[in-house]
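First the structure, in the form of structure tokens, and then the observations on it.
Taken together, the values in this text are just the output of simple stated rules run on the coordinates, not laboratory data. This structure is a prediction, so every number in the text was calculated from the model and none was measured. Cβ sites come from the backbone with ideal geometry, for glycine too, and all protein chains shown count toward neighbours.
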Amino acid sequence: MPDTLPPDSVGIVESKSMHFDQLLPLECGKTLPEYDIAYETYGELNESGSNAVLICHALSGDQHAAGYHAMEDRKPGWWESCIGPGKPIDTKRFFVVSMNNLGGCKGSSGPNTKRPGTDKYWGPDFPIVTVRDWINSQQRLMQVLGIEHWLAVIGGSLGGMQVMQWSIDYPDSVRHAIVIAASPKLTAQNIAFNEVARQSIMSDPDFNHGHYLEKSTIPRRGLMLARMLGHITYLSDDSMREKFGRELREGKLNFGFDVDFQVESYLRYQGHAFVDRFDANTYLLMTKTLDYFDPARDHGDDLATAFSSATAKFMVISFTSDWRFSPQRSREIVKALIKAKKPVSYVEVEAHHGHDAFLMPIPHYMNVFHNYMQNVGRDIK
Amino acid sequence: MRADLAIIADWIKPGSSILDMGCGDGTLLKFLRNNSEVDGIGLEIDAQQIESCVRDSISVIQADLNDGLEQYFSDNSFDYVVMSQTLQAMDRPDILVEEMLRVGKQGIITFPNMAYWKGRLQLGIRGIMPVTRGLPNHWFDTPNIHLCTVNDFEALCKLQNINILERTVVDHTHSKSTLLTRLFPNLFGEIAIYRFSRNGM
């Protein structure tokens, strides 16, 4: 963190929490008796409650989407590139809400929180929640905050899936749906990556069948491996070549199994850092949520039918080098929207960053995003 | 607005749906939306042009027309499919014309007429590849790889069993329908504009 806050940052922000003691029925058949949702807001809600924008986070994201919690913070929120005064999601115009999804590990009810009425962690017993469950829980917070409708729901990756689900499940509550680097459902290859990630966590001896918090252990190696694998799939061959090449960390080969190449060092660092900020059970849960997402399933496997009730205008964005959620997946979303006769624009941004591109301030991406949000702003009442 | 776009706008019935293939900055779609409540969507490949479309609230899909329309559009999705000044830059104009009539009831195409008299003079007398206002590029940097004439296009329509509903050519003054362009369209037409449908429709 620099000594002074950048002028285009929302600045110092704090996470808030809302308790709900209303039953939340889940798709898996179980019910959450009560729960908390951690969230952050940026900007001001106008009197008519019509300038609110919801940000949906991805697999390893959370409610801290922009700004800093303290001047000492080394890094701002995960979408600082897009949220702030004058940025595409302009906090001078929009009231921005960002929540930690249920099952997350940053304050919302999840495996690392205590089960209501007990002194025990939920751990592996926290029910598997789906994207639809998340939307239902988000909708309740929307009401409590006095938001009449979402002027826009915006998200990348797993966040983009929530955007689609919002437009389908609460058609009257979404004016604009911005779906970035997403997919209408995971491919077999994607599920396979998630399964390897889960297996690496669950096979860690410190995992203790998910009860590691009670046993005061942390499946560090498993979670680290899962993140390292994930990280490779979020980058592209080109971006890794550009970033690391075959550069050696110590300038020479060591003829051993420790780190020789910079890319190894980088992955280990990313893995270690992730373990310090993320919960293994949450990782298992969120990857399952991803695997299960398939809004067409309830509509005869026809995505266009699934979208038929939507009233939002759609903006779909993909990135050329994204092979985890490739442009082809976004085109399927666009095709279904066109078939369902929904207004849609689609941009395929030339970018070499892989899936992570959706977090990067790539000029063409930013221009399109900015231009689209300008129009969204015109719909403020 | 460009002369050929003004003529197209005249041809399109209010309240209809259109697909504009190679919509550029969305000029035609914007005009039709504002003036005749036409519901339109554009296809465009250029990043800057797309930014303009998005700024003007035009529905635009970033796509390479050479990949065809299969991945986005099912049969009979639009009243009109328009392609202005783009046909000549496509890999396979014949296949795209077929695609236009698959996804739309009618097609509208405009293209620079290669047999325009100024071009004929340059090629016939000076022996050089024509460079005109309608075809401003040199042979070595032109995106126009499949140039054709009024006669060529009509022959293609005949070959593909396509019914020409309307034809207009504009001359160098871009005023439509002078006596010369009516009598000798292939000689005095600088830009040709066609509206067509499948025979028997």
I'd like the Karplus ³J(HN,Hα) series for the stretch B:114-127: coefficients 6.51, -1.76, 1.60, θ = phi - 60°, whole numbers in Hz, and an x wherever there's a Gly or Pro. 5, 8, 3, 4, 5, x, 4, 4, 4, 6, x, 9, 7, x
For A:R175, the net charge from surrounding residues (Cβ-Cβ under 9 Å; K, R +1; D, E -1) works out to 0
Dipole of the stretch B:3-198, Cα-centred, from +1 at each Lys and Arg C-beta and -1 at each Asp and Glu C-beta, to the nearest 20 debye? 860 debye
How big is the Kirkwood radius of the stretch A:187-234, worked out from every pair of different alpha carbons and given in Å to one decimal? 11.0 Å
Taking amide H atoms as placed 1.01 Å from N in the peptide plane, list the residues 5 or more away in sequence, or in a different chain, whose amide H sits under 5 Å from that of A:A65. A:W78
Relative contact order, percent, the stretch B:3-198 [alpha-carbon distance under 8 Å, six or more residues apart]: 19 percent
On the formula 1/(1 + (r/R0)^6), with r taken between the Cβ atoms of B:I45 and A:Q22 and R0 of 56 Å, the FRET efficiency rounded to 0.05 is 0.65
Taking θ = phi - 60°, what integer Hz values does the Karplus form 6.51 cos²θ - 1.76 cosθ + 1.60 yield along the stretch A:89-95, in sequence order, with x for Gly and Pro? 8, 7, 6, 6, 10, 10, 9
If we sort A:356-364, B:25-33 on the protection proxy, mean other Cβ atoms within 10 Å, highest first, what's the order? B:25-33, A:356-364
Unit charges on C-beta of K, R, D, E only; dipole of the stretch A:123-257, Debye: 340 debye
Could you list A:L303, A:L23 so that the one with the fewest beta carbons within 10 Å of its beta carbon is first and the one with the most is last? A:L23, A:L303
Mean Kyte-Doolittle hydropathy of -1.0 or higher plus an axial Cα length of 27 Å or more: which whole DSSP H helices in chain A meet both? none
Diffusion coefficient in µm²/s returned for the stretch A:1-130 by Stokes-Einstein, Kirkwood Rh over C-alpha pairs, 4 °C and 1.567 mPa s, is 81 µm²/s
When the Kirkwood radius is taken over all Cα pairs of the stretch A:259-346, what Stokes-Einstein diffusion coefficient follows at 37 °C and 0.692 mPa s, in µm²/s? 204 µm²/s
Note: B:62-73 gets an average of partner chain Cβ contacts (10 Å, Cβ to Cβ) equal to 3
May I ask you to compute the full-extension gain from A:E148 to A:E195, defined as 0.36 nm times their residue separation minus their alpha-carbon distance, rounded to one decimal in nm? 13.0 nm
Please list, in chain and number order, the residues 5+ apart from B:S84 or on another chain whose amide H is under 5 Å from its amide H, with Hs placed from the backbone. B:M21, B:T110
Can you give the Rg/Rh ratio of the protein assembly as shown, where Rg is from the C-alpha atoms and Rh is the Kirkwood radius? 1.05
Hey, which of these cross-link pairs are over 29 Å Cα-Cα: A:K92/A:K339; A:K243/A:K342; A:K342/B:K105; A:K75/A:K342? A:K92/A:K339; A:K243/A:K342; A:K75/A:K342
Is the C-alpha gyration tensor of the stretch A:150-265 telling us rounded, prolate or oblate? Criteria: a/c under 1.5 is rounded; beyond that, a/b larger than b/c is prolate, otherwise oblate. oblate
How do B:W11, B:W139, B:W117, A:W150 line up, fewest other C-beta atoms within 10 Å first? B:W139, B:W11, B:W117, A:W150
Taking one equal scatterer on every alpha-carbon of the stretch B:3-198, how large is log10 of I(q)/I(0) by Debye at q = 0.15 1/Å? -0.92
Förster radius 56 Å - calculated FRET efficiency between A:T118 and B:D64, Cβ distance, rounded to 0.05: 0.45
When the helices in chain A are scored as -39500 (n - 2.57) per DSSP H run of 4 or longer and the sum is shared across all residues, what 222 nm value do you end up with, to the nearest 500 deg cm²/dmol? -10500 deg cm²/dmol
Summing +1 for each Lys or Arg and -1 for each Asp or Glu, what net charge is found among the other residues whose Cβ lies under 9 Å from the Cβ of B:G24? -4
Compute the acute angle (0 to 90°) between the alpha-carbon long axis of helix B:27-36 and the principal axis of greatest extent of the alpha-carbon atoms of chain B; round to the nearest 10°. 60 degrees
At 7 Å along the Cα-to-beta-carbon direction for both A:L253 and B:R92, put a label point, then send me their distance in nm to one decimal. 4.9 nm
Note down the net charge around B:T132, summing +1 for each Lys or Arg and -1 for each Asp or Glu among other residues with Cβ under 12 Å from its Cβ. +1
If you take the alpha carbon radius of gyration of the stretch B:134-174 and divide it by 2.2 N^0.38 Å, what ratio comes out, to two decimals? 1.47
Karplus (6.51, -1.76, 1.60) ³J(HN,Hα), θ = phi - 60°, over the stretch A:111-116, in Hz, Gly and Pro reported as x: x, 9, 10, 7, 5, x
Rounded to the nearest Å, the spacing of the alpha-carbon centers of the stretch A:358-378 and the stretch A:209-247 is 30 Å
Would you pull out the residues with amide H under 5 Å of A:F261's amide H, same chain only if 5 or more places away, H placed 1.01 Å from N? A:R249
